[in-house]
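Everything below concerns the one structure shown next.
The values are calculated or read from the model by the stated rules, or taken from the named source; none is laboratory data. This one's a predicted model, so the numbers in the text were calculated from it and none came from an experiment. Cβ coordinates were reconstructed from backbone atoms using ideal geometry, including for glycine residues, and neighbour counts include every protein chain displayed. What goes into the accessible areas is simple: the full protein's heavy atoms, side chains included, and nothing from ligands, DNA or RNA. Shrake-Rupley method; radii C 1.70, N 1.55, O 1.52, S 1.80 Å.
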Amino acid sequence: MLNPADTTFAERLTQAGIKTRDATPAYTHELRGKFVGKSTIVALPNSTDEVSRVVRLCNDARVGLIPFGGGTGLVAGQVAPEGPPPLILSLERLNTVRAIYPDENTLVTEAGVTLSNLHAAAAEADRLFPLSYASKDSALIGSALAVNSGGLNVLRYGTARELCLGVEAVMPNGDILHGLKRLRKDNTGYDLRNLLIGSEGTLGVITAAALKLYPQPAQTATAFFAVRDPAAALQLLTLFRERAVDAVSAFELLSGQSFAFLTESHPDLRQPFETPPLWAVLTELGTGPGIDPDALMADTFEAALEAGVATDARLAQSGQQRAEFWAVRETLPEANRHIGAIASHDIALPLVEVPGFLDEAAQALPKLFEMRINAFGHLGDGNLHYNIFPPQGATKEAYKDRAAEATRLVHDLAMARGGTFSAEHGVGRAKTGDLQRYGDPAKLAAMRAIKQALDPNGIMNPGAVLPL
Ligand SMILES: Cc1cc2nc3c(=O)[nH]c(=O)nc-3n(C[C@H](O)[C@H](O)[C@H](O)COP(=O)(O)OP(=O)(O)OC[C@H]3O[C@@H](n4cnc5c(N)ncnc54)[C@H](O)[C@@H]3O)c2cc1C
């Protein structure tokens, strides 16, 4: 692979009218500080046509490239510490919402629009774009599709994949795939949209997408429930589903350790319970006109108390309190960073396996070394962020040689129960070893064949998903 900083190549980019800059740490340093990419240059195209020109130049000159969004990815898909430095192809200037079709409940957007800006654009048309998570102000929709992000509302609305009707993309040879159809039915051969979604920039650059919108819920109710254990949390989910059916949009699990970390890192943050419970659930109901979600919430709490499933609850009494409740959940990643994780995991399990996994892991892991565990996440989707921290007073650096064995055990236990080692963050470069270890051989062979067929020169995000 040629270095993109090679003067002839850099000149070709300039001659093609492509704006470039030197990569600052914002482009090369992953947020958790675990991976640092090599010094390189950034191409800043401002149209699909310009993206196509950049990719074609890279393919002709054998220059590797990394499609780059907001840089918030958690598996190092966007930074390359190993191998020749690739060109960073930033989508940040493709930041226009092209059109909104409220009567169809669809929207067409360029890849560089942040999730927050999509929420605002949809809300202006009295619609909801439901894909949301704590990094929503920086994460771009093109990357959210590239990693098939999940987040807080998957339970009701699905992952990024399920919200996408069509994509426009630049293929590894520079060809533009014109797939922006706003159709809910289109059975016309291989589904390249679904191949590109989740491919983490290894098969093409997503430049625009046609997305699904939903009606804004007329009313919302948000509440924290204290539960004795994760099994009770799942019983609570069943109670909600029986009563509220499709109205449950979020069902987030927090552990007692989550609250303790928040107290330690953000002492001024308002917490819902005076005494932190052993486990808690943050849930939200969104209903259409005529159905009172507060009454539904209160009614479910009563049933949960009676059944011994919940021990306490706090219902948000105002918009401000609702925001405070969500701030508790959304500050958690920052609190974890403040404490300093030895190892973080993004696993998913079949719902009924979650309590058993949590019990088994809590028994097995501390046999490796003394640790604190913060297990939390999108329980409604069976998705846990299972993070391991040093004991009080110790630093993560002192345990850096033990991280791999802890991760191996967490992933082994999850896989043994029919789970996955990556639920919503992708494989990136951090989990290529896991994919090789746990991946189905027929799937891995098909993946390698697809990569070779579409990207024979291996220029697209080299070393991500499939090892170099
Ligand atoms: C505090 C915090 C909370 C988070 N919570 C969640 C959560 O709840 N759920 C969740 O799913 N994720 C979560 N994430 C992870 C992350 O924010 C998402 O994966 C996000 O979608 C990445 O977007 P980005 O624009 O920052 O992508 P980047 O980090 O820039 O890129 C991510 C990957 O996508 C590829 N890529 C980028 N743009 C394109 C493109 N246009 N075409 C093809 N490939 C491309 C990159 O090469 C890279 O492999 C969280 C992250 C943080 C920091």
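Restricting to region 438-455, and then to whatever is in contact (Cβ under 8 Å) with a residue 24 or more places away in the chain and open to solvent by 20 Å² or more (accessible area, probe 1.4 Å), can you tell me which residue is farthest from His385 (Cα to Cα)?
The selected residue is Leu454.
Within region 60-88, can you find the residues that are more than 14 Å from the ligand (Cβ to nearest atom) and surrounded by 21 or more Cβ atoms within 10 Å (Cβ to Cβ)? Give the derivation first.
Residues of region 60-88 more than 14 Å from the ligand (Cβ to nearest atom): 60-63, 82-85.
Selection gives Val63, Pro85.
Among the residues in region 162-177, are any part of a helix (DSSP H, G or I), away from the ligand (no atom under 14 Å from the Cβ), closer than 30 Å to Asp294 by Cα and in contact (Cβ under 8 Å) with a residue 40 or more places away in the chain?
Within region 162-177, none of the residues are part of a helix (DSSP H, G or I), away from the ligand (no atom under 14 Å from the Cβ), closer than 30 Å to Asp294 by Cα and in contact (Cβ under 8 Å) with a residue 40 or more places away in the chain.
Is it the case that Ala209 is away from the ligand (no atom under 16 Å from the Cβ) and part of a strand (DSSP E or B)? I'd like the intermediate steps shown before the answer.
Values: away from the ligand (no atom under 16 Å from the Cβ): no; part of a strand (DSSP E or B): yes.
Judged against the criteria, Ala209 is not a match.
Filter region 406-423 down to the residues that are open to solvent by less than 60 Å² (accessible area, probe 1.4 Å), part of a helix (DSSP H, G or I) and either of a type in the set (A, V, I, L, M, F, W, C) or at positive phi (or both) and list them by number.
Across region 406-423, the qualifying residues are Ala406, Leu409, Val410, Leu413, Ala414, Met415.
Quick grid of which residues meet (1) in contact (Cβ under 8 Å) with a residue 12 or more places away in the chain; (2) open to solvent by 10 Å² or more (accessible area, probe 1.4 Å); (3) closer than 25 Å to Gly77 by Cα; (4) away from the ligand (no atom under 13 Å from the Cβ):
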site	(1), (2), (3), (4)
Thr106	yes, no, no, yes
Glu110	yes, yes, yes, no
Leu118	yes, no, yes, no
Ala123	yes, yes, no, yes
Asp126	yes, yes, no, yes
Pro130	yes, no, yes, no
Ala134	yes, yes, yes, no
Ile141	yes, no, yes, no
Leu145	yes, no, yes, no
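Can we say Ala403 is open to solvent by less than 50 Å² (accessible area, probe 1.4 Å), part of a helix (DSSP H, G or I) and either free of Cβ contacts under 8 Å to residues at least 24 places away in the same chain or aliphatic (A, V, I, L, M) (or both)?
Details: open to solvent by less than 50 Å² (accessible area, probe 1.4 Å): yes; part of a helix (DSSP H, G or I): yes; either free of Cβ contacts under 8 Å to residues at least 24 places away in the same chain or aliphatic (A, V, I, L, M) (or both): yes.
So Ala403 passes the test.
Counting only residues that are in contact with a Pro (Cβ under 6 Å, 6 or more places away or on another chain) and in contact (Cβ under 8 Å) with a residue 24 or more places away in the chain, give me the strands (runs of 3 or more DSSP E) lying completely in region 240-319 with at least 2 of them.
Filter on region 240-319 gives 279-287.
So, in region 3-36, of the ones that are aliphatic (A, V, I, L, M) and in contact with a Ser or Thr (Cβ under 9 Å, 6 or more places away or on another chain), which residue ends up least open to solvent (accessible area, probe 1.4 Å)?
Leu13
Among the residues of region 359-367, is any closer than 21 Å to His425 by Cα and either open to solvent by 10 Å² or more (accessible area, probe 1.4 Å) or among the charged types (D, E, K, R) (or both)?
Within region 359-367, none of the residues are closer than 21 Å to His425 by Cα and either open to solvent by 10 Å² or more (accessible area, probe 1.4 Å) or among the charged types (D, E, K, R) (or both).
Considering Thr311, Thr300, which residue is open to solvent by 10 Å² or more (accessible area, probe 1.4 Å) and among the polar types (S, T, N, Q)?
That would be Thr311, the only listed residue that is open to solvent by 10 Å² or more (accessible area, probe 1.4 Å) and among the polar types (S, T, N, Q).
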